[in-house]
Amino acid sequence: MALKRIGDVLLQEKVITQEQLNHALKHKEKDERLGETLVRLEIASEMQILKALENSTGVQRVSLSNFTIEEHVLTLVDENFCRRNVIIPLRIEGNRILFATYDPLDFAVIEELRMMTGYRPKAYSAPKNDILTQIEKYYGFTRTLEALGVKQNIMSEEIIEEDDDLDDTPMVKLVNQILTSAVFQRASDIHIDPMDDKVLVRYRVDGVLDVVREFPTKIHHQMISRIKVMSGMDITETRIPQDGRIQTSIQQKNIDLRISTLPTVRGEKVVMRILDLSGSMNKITAIGLDQKEEAQVRHLIAQPNGIVLVSGPTGSGKTTTLYGCLNELNKPNVNIVTVEDPVEIKMEGVNQVQVQPEVNLTFARALRSILRQDPNIIMIGEIRDVETAEISIRASLTGHLVLSTIHTNDAIKTITRLLDMDIEPFLIASSLSGVISQRLVRRLCSECSYDEKPSEMEAEVFKKHHFEVDHVKRAKGCPSCNYKGYAGRVGIFEVLPISKEMQKLIAENVGLNVLENQAKKEGMRTILQSGLQKVKDGMTTLEEVLKVANE
């Protein structure tokens, strides 16, 4: 490989101009690489630099999240050397050592690696943060597992017993590393599943569950005990399910973990739901509503009284939508009170009440007290029972705007769900302002998605729902999205405002079909149709939409 400088490569590939290069060299800090300077000054993105290096030098990019690193190769390269130079060894192939770096033109590091290992280095490129994540993941986990007596996934007979009072015991470190890694990868849930011969740790990222680590079964009991200690559960009780909670700070983020244990035939399974309390508050404009849907939602929450319900299955983003609405309504001249389980995001200027069943502070009991607090707007985390539903309706009829969530499959079925709770039809008709039903679908990666003609099946679906589409976007996969083709999620919605005609039909207690026909007649777009619009707009794929919407 001919000696090249990164600045020359970027000029050659027309990523930067000579003026930009001169500016970057002038403002380059001590011990900072030119690539880092260009990214810091926002002259070029990391992906642009990696692509230019790949085109010019032939160094391939690698997705580290999909690459299984051979753990024995880590013993050849010192961790401090990896951290200092931001590289990570991947595997040995013949007389070559494969490694990932974000600066494949740093020939001094390549030569030092050759001298250190005795192998000929072969470089692959990867984003800096991906490499640092893998260094933390592999070197961190390896050190911890060795301290526990686990080496190369083989468990020795002796396991070091931990002292829960010490923060630096191996098991404490292991659990902390699992949590940190999950937060870094934007996971919403962590699953710890005991198998016959191993323990699987899985993360749910963008709604998809993937195995990230496997541990020997002999450390399962210690791992579960540590989690129970952290979340205030009874570590001696393994026969019944338990619930707990951990509030901690990970990577400068305030994190709330809701822990649930379940006794299975192979041992206790643990699921940890991660709530980022420091997450930026969504506005209505950011949750994925299109122009028409946004206008309808704004009209619903602008009413002085009535109930607005957000429906959908668990994990469909209902709470995010509610917080988005509250964020719009939150003004100094308005008294907003919420009752939640748990309080997921703390909002300035909003009175938030945490449900506490152990002292009989239920949704219903909290609501009764809230009505004596002169509220303008009440937000209820979830309508779970008849009593909560009845008080909510009473509150809306006495001049309050009530926002809440309910578990139903679509907007129309929300009405039948309230009827099933034995709420009188005339009360539903006079109190319900509207229903927002929603799902989440994975958003296509903007870096690598590409256009293609729709397949016969896709064309048929579009035609059936009166959409004219001549091309759709497909998922491909690139380093930006860890070769998944998708990055992040977006909502698809069904907004049902309750019109005068709908009120009349609800009061008459007509059948579901009659309500559906009236909603369609008034122009309500179904979840599926909303999803098809997102496909047409190039945000997602039909495959993703059909996972969550009935065809």
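Structure values in brief
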{"item": "Exposure rank, largest accessible area first [M272, M115; 1.4 Å]", "result": "M115, M272"}
{"item": "Kirkwood Rh and Cα Rg combined as Rg/Rh, the range 389-548", "result": "1.09"}
{"item": "H465 versus H299: modelled label distance in nm, points set 7 Å from Cα along the beta carbon direction", "result": "2.2 nm"}
{"item": "Three-way shape call for the range 490-531 based on the alpha-carbon gyration tensor, with the a/c threshold at 1.5", "result": "prolate"}
{"item": "Per-selection Kirkwood Rh - the range 364-440 (Cα, Å, 1 d.p.)", "result": "12.9 Å"}
{"item": "Other-chain or far-sequence residues with amide H under 5 Å of T408's (modelled H)", "result": "G312"}
{"item": "Average accessible area per residue (Å²) across the chain - probe 1.4 Å, nucleic acids and ligands excluded", "result": "49 Å²"}
{"item": "Full-extension gain in nm, E42 to E358, via 0.36 nm per residue minus C-alpha separation", "result": "108.5 nm"}
{"item": "Solvent-accessible surface ranking, highest first, for K453, K14 at 1.4 angstrom", "result": "K14, K453"}
{"item": "DSSP-defined beta bridges in the chain - what % are antiparallel, rounded to 5", "result": "65 percent"}
{"item": "Cysteines (scope the chain) whose Cβ has no counterpart Cys Cβ under 4.7 Å", "result": "C82, C325"}
{"item": "Student exercise, the range 5-111 dipole from Lys, Arg, Asp, Glu Cβ charges, in Debye to nearest 20", "result": "200 debye"}
{"item": "Normalised contact order of the range 207-350, rounded percent, pairs of Cα under 8 Å and 6 or more residues apart", "result": "15 percent"}
{"item": "Per-selection Kirkwood Rh - the chain (Cα, Å, 1 d.p.)", "result": "27.0 Å"}
{"item": "Apportionment of accessible area to carbon and sulfur, the chain, percent (1.4 Å)", "result": "47 percent"}
{"item": "Listed residues D385, D243, D206 arranged by accessible area, highest first, probe 1.4 Å", "result": "D243, D385, D206"}
{"item": "Under-5 Å amide H pairs with Y124, H placed in peptide plane, nonlocal only", "result": "F99, A100, T101"}
{"item": "Charge tally in the Cβ shell below 12 Å around K453, where Lys, Arg are +1 and Asp, Glu are -1, K453 excluded", "result": "-3"}
{"item": "Under 25 Å from the Cα of K318 - lysines, other chains or at least 8 residues apart", "result": "K253, K283, K292, K331, K346, K413, K520, K534, K536, K547"}
{"item": "Rough spin-label spacing in nm, given labels placed 7 Å along Cα→Cβ, for Q185 and Q373", "result": "3.9 nm"}
{"item": "Amide H partners (placed H, <5 Å) of T338, local residues excluded", "result": "N351, Q352, V353, M379"}
{"item": "Descending principal axes extents, the range 211-367, alpha-carbon based, whole Å", "result": "58, 37, 31"}
{"item": "The chain, dipole about Cα centre (Lys/Arg Cβ +1, Asp/Glu Cβ -1), debye to the nearest 20", "result": "1140 debye"}
{"item": "Value of [θ]222 nm, deg cm²/dmol, for the chain, DSSP H segments ≥ 4, -39500 (n - 2.57) each, nearest 500", "result": "-11000 deg cm²/dmol"}
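The values are calculated or read from the model by the stated rules, or taken from the named source; none is laboratory data. Since this is a predicted model, take the numbers as computed values, not measurements. Cβ: placed from backbone, ideal geometry, glycine included. Neighbour counts: every protein chain shown. What goes into the accessible areas is simple: the full protein's heavy atoms, side chains included, and nothing from ligands, DNA or RNA. Shrake-Rupley method; radii C 1.70, N 1.55, O 1.52, S 1.80 Å.
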